[in-house]
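Peer 1: The structure under discussion is supplied below as structure tokens; questions concerning it will follow.
The values are calculated or read from the model by the stated rules, or taken from the named source; none is laboratory data. Only a predicted model underlies this, so the values are computations on that prediction, with no experimental measurement involved. Counting neighbours? That spans all protein chains shown, and the Cβs are built from the backbone with ideal geometry, glycine included.
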Amino acid sequence: SSELFRVKEDPEHRHDPFPLTEVQQAYWMGQMQSLSLNSKTYYMVELTGSPLNRERLCHAFDLLKKRHEMLRAVITDDGMQTIRKQAAASDIPYFSVTDEQEACSSVSEWWDNLNKDSVCHPVAAAGFLYGTGMRLAIAFSYMNLDGYSVKLLLKDLAQAYNDPAGYENRPPLTLSFRDYVLSAVADESRIESARKYWDEKIAVMPNAPQLPLRCSPDTVEESHFIRLAHTVKNRDWHKLRAKASACGITPSAVLLHAYLATLSRYSGENDVTVNVTLFDRKRIHPEIMDITGDFTSLLPVSYTPDTSLTFADAARKTAENLAEGLDHRELSSIYIQRELSRKRGSGMASLPVIFTSTLGVSQNDEDASPADGFLQITEGGMSETPQVWLDHQLYEKQDGIYLTWDYVEGLFDPSTVREMFDCYLETVMNIADGEWNRPINPELSRKTADTRKRINSTGAPVSDTLLAERIFTNAETRPDSPAL
């Protein structure tokens with residue numbers, strides 16, 4: 001709780017080096033080319049609408065960099081971070097394309113080239129113009145910014161573009177992400193309580209989902225991600241939210257439950273554990289929700305299927321499991337994975353399947369969306385994180401909830417991931433439409449169900465003879481043939 005933390009503003013040393021957070025350090029190390037599944041740490045958003053003036057857009061980005069210091073932060077070779085006093089002027093390239101389809105393919109090409117760059121920029125952008133429309137791609141570095149910071153920056157970008165003078169005249173922020181990192185240290189008694197809780201949990205914690213893989217993760221040197229995406233339109237999304245509210249469950253917890261249940265159906269082990277991304281800002285300063293930075297922490301959430309439960313009870317059980325973990329988040333998933341590695345061996349220690357939701361991070365999610373009269377978030381985008389297999393992300397748009405699965409190409413058969421994703425979407429729609437006083441469980445596709453039935457079938461005739469008798473019989477009837 002916030003009373004256990006004291007933040008000390010230190011403007012005199014704002015530009016001095018300070019340490020990476022636990023998650024930042026994991027991201028930084030995970031980019032090393034010597035590690036399997038290495039990648040950059042970008043999150044790309046795509047926006048569409050009427051073309052923006054390039055000069056005004058570049059100026060708006062400059063105003064963002066001036067106000068939000070983590071857009072000026074760099075990671076040094078010794079694993080520290082430093083906030084620069086000034087950032088280079090924004091120079092956002094614009095490209096002319098024939099239509100929206102070419103804009104989408106051009107964004108993909110820009111994204112691939114960005115990942116080949118040896119530098120991981122805090123923010124990069126490019127505009128693609130066609131007819132009377134525009135697609136703007138913006139890539140934010142997870143090393144500098146968490147999911148809530150991205151939402152905040154998109155809202156600020158719209159304000160800085162539409163009213164640059166008003167935006168520039170806002171009172172400057174006095175709290176620094178550096179101040180937070182150096183101040184937010186938990187009370188020792190709470191750390192000890194969390195250690196006792198997690199040590200007991202680790203003894204019985206299920207493994208990550210044992211999903212059907214095309215190859216061993218160790219053989220994938222560099223991760224290249226593919227996105228599957230779908231927007232659940234407001235009509236169905238509002239129904240789901242209303243039912244969740246009536247049951248006292250957050251929409252995020254409902255979708256987490258659907259995700260876990262789907263993964264369990266396709267896992268080699270029914271009980272599974274995933275990492276849930278938290279944007280964990282301790283409420284220690286009036287400006288804490290106004291600054292940007294990587295406040296990310298990770299929380300393991302486990303799931304044991306019970307298909308006899310009503311959906312309301314099953315989802316409530318997942319929500320309670322999540323809440324219990326949140327009460328002991330003084331130790332993060334990184335500590336837990338280290339302990340798992342020590343006790344089970346490194347092969348079973350990682351939790352590379354992720355659930356990321358920005359729902360409910362701000363008091364009013366609509367307040368953290370781009371303003372009317374500016375480009376609006378559209379389908380598309382991408383994320384990539386080192387050593388991650390699969391990351392499910394939720395993002396609220398004007399027309400509904402945007403559900404994405406970003407997975408490592410080469411690690412999975414594309415048709416298998418598509419089937420899993422379709423199964424998840426069908427489950428979400430059943431949750432939106434169905435009655436929660438009965439079970440709602442993911443259903444395997446007919447093809448997969450038939451395959452499992454055939455593999456597990458033991459209906460073939462069984463011989464009464466011993467195995468050795470057939471060898472002796474063959475020796476008598478076909479003495480010149482190989483014995484085995």
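Peer 1: Considering every residue within the range 207-214, establish whether at least one is more than 29 Å from LYS116 (Cβ to Cβ) and hydrophobic (A, V, I, L, M, F, W, C).
Peer 2: yes
Peer 1: I'm told ASP112 meets every condition in (1) of a type outside the set (Val, Ile, Thr); (2) over 18 Å from ILE291 (Cβ atoms); (3) in a loop (DSSP other than H, G, I, E, B) except one. Can you identify the failing condition by its number?
Peer 2: That leaves (3) as the condition not met.
Peer 1: Tally the residues that are touching a residue at least 40 places away in the same chain (Cβ under 8 Å) and assigned to a loop (DSSP other than H, G, I, E, B), restricting the search to the range 1-58.
Peer 2: Summing the residues that are touching a residue at least 40 places away in the same chain (Cβ under 8 Å) and assigned to a loop (DSSP other than H, G, I, E, B) in the range 1-58 gives 23.
Peer 1: When only residues in the range 247-287 that are among the hydroxyl-bearing types (Ser, Thr, Tyr) and farther than 18 Å from TRP389 by Cβ count, which is surrounded by the fewest Cβ atoms within 10 Å (Cβ to Cβ)?
Peer 2: Of all residues in the range 247-287, those among the hydroxyl-bearing types (Ser, Thr, Tyr) come to 250, 252, 259, 262, 264, 266-267, 273, 277.
Now narrow it down to the ones that are farther than 18 Å from TRP389 by Cβ: 250, 252.
Working: THR250: 18, SER252: 20.
Result: THR250.
Peer 1: For the range 394-437, how many residues meet the condition of being in a strand (DSSP E or B), over 22 Å from CYS247 (Cα atoms) and not hydroxyl-bearing (Ser, Thr, Tyr)?
Peer 2: Selection size over the range 394-437: 7.
Peer 1: Which of (1) touching a Phe, Trp or Tyr at 6+ places or on another chain (Cβ under 7 Å); (2) at pLDDT 95 or above is the odd one out, the single condition LYS85 does not satisfy?
Peer 2: (1)
Peer 1: Sticking with this one: Picking from ASP290, ASP313, ASP294, which residue would you name as being surrounded by 20 or more Cβ atoms within 10 Å (Cβ to Cβ) and not aliphatic (A, V, I, L, M)?
Peer 2: Exactly one of ASP290, ASP313, ASP294 is surrounded by 20 or more Cβ atoms within 10 Å (Cβ to Cβ) and not aliphatic (A, V, I, L, M), namely ASP294.
Peer 1: Can SER302 be described as surrounded by 16 or more Cβ atoms within 10 Å (Cβ to Cβ), under 27 Å from LEU213 (Cβ atoms) and either touching a strand residue (DSSP E or B) at 6+ places or on another chain (Cβ under 8 Å) or of a type in the set (Phe, Trp, Tyr) (or both)?
Peer 2: So SER302 fits the description; yes.
Peer 1: Could you grab me the full set of residues in the range 174-202 that are of a type in the set (A, V, I, L, M) and under 20 Å from SER333 (Cβ atoms)?
Peer 2: Scanning the range 174-202 gives VAL181, ALA184, VAL185, ALA186, ILE191, ALA194, ILE202.
Residue-by-condition table, conditions (1) over 29 Å from PRO17 (Cβ atoms); (2) surrounded by 14 or more Cβ atoms within 10 Å (Cβ to Cβ); (3) not basic (Lys, Arg):
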site: ARG54; (1), (2), (3): yes, yes, no
site: PHE61; (1), (2), (3): no, yes, yes
site: GLU69; (1), (2), (3): no, yes, yes
site: ALA103; (1), (2), (3): yes, yes, yes
site: ALA126; (1), (2), (3): yes, yes, yes
site: MET134; (1), (2), (3): yes, yes, yes
site: LYS151; (1), (2), (3): no, yes, no
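Peer 1: Related question: Go through the range 352-373 and give me each residue that's modelled with pLDDT under 90, part of a loop (DSSP other than H, G, I, E, B) and either surrounded by 18 or more Cβ atoms within 10 Å (Cβ to Cβ) or in contact with a Leu (Cβ under 9 Å, 6 or more places away or on another chain) (or both).
Peer 2: THR358, LEU359, VAL361, SER362, SER369, PRO370, listed by residue number.
Peer 1: Another question, if that's okay. Looking at the range 234-351, what helices (runs of 4 or more DSSP H) fall wholly within it and have at least 2 residues that are among the β-branched types (Val, Ile, Thr), within 17 Å of the chain's Cα centre (by Cα) and under 27 Å from PRO442 (Cβ atoms)?
Peer 2: Filter on the range 234-351 gives 251-266.
Peer 1: A further question follows. Does SER108 satisfy being in contact with a Phe, Trp or Tyr (Cβ under 8 Å, 6 or more places away or on another chain), of a type outside the set (A, V, I, L, M, F, W, C) and surrounded by fewer than 19 Cβ atoms within 10 Å (Cβ to Cβ)? Break it down stepwise before answering.
Peer 2: Details: in contact with a Phe, Trp or Tyr (Cβ under 8 Å, 6 or more places away or on another chain): no; of a type outside the set (A, V, I, L, M, F, W, C): yes; surrounded by fewer than 19 Cβ atoms within 10 Å (Cβ to Cβ): yes.
No, not satisfied.
Peer 1: Output the residues belonging to the range 211-233 that are closer than 25 Å to MET29 by Cβ and part of a loop (DSSP other than H, G, I, E, B).
Peer 2: LEU211, LEU213, CYS215, SER216, VAL220, GLU221, SER223, HIS224
Peer 1: Select from the range 7-38 the residues that are more than 22 Å from the chain's Cα centre (by Cα), acidic (Asp, Glu) and surrounded by 14 or more Cβ atoms within 10 Å (Cβ to Cβ) and write down the one among them that is modelled with the highest pLDDT.
Peer 2: ASP10
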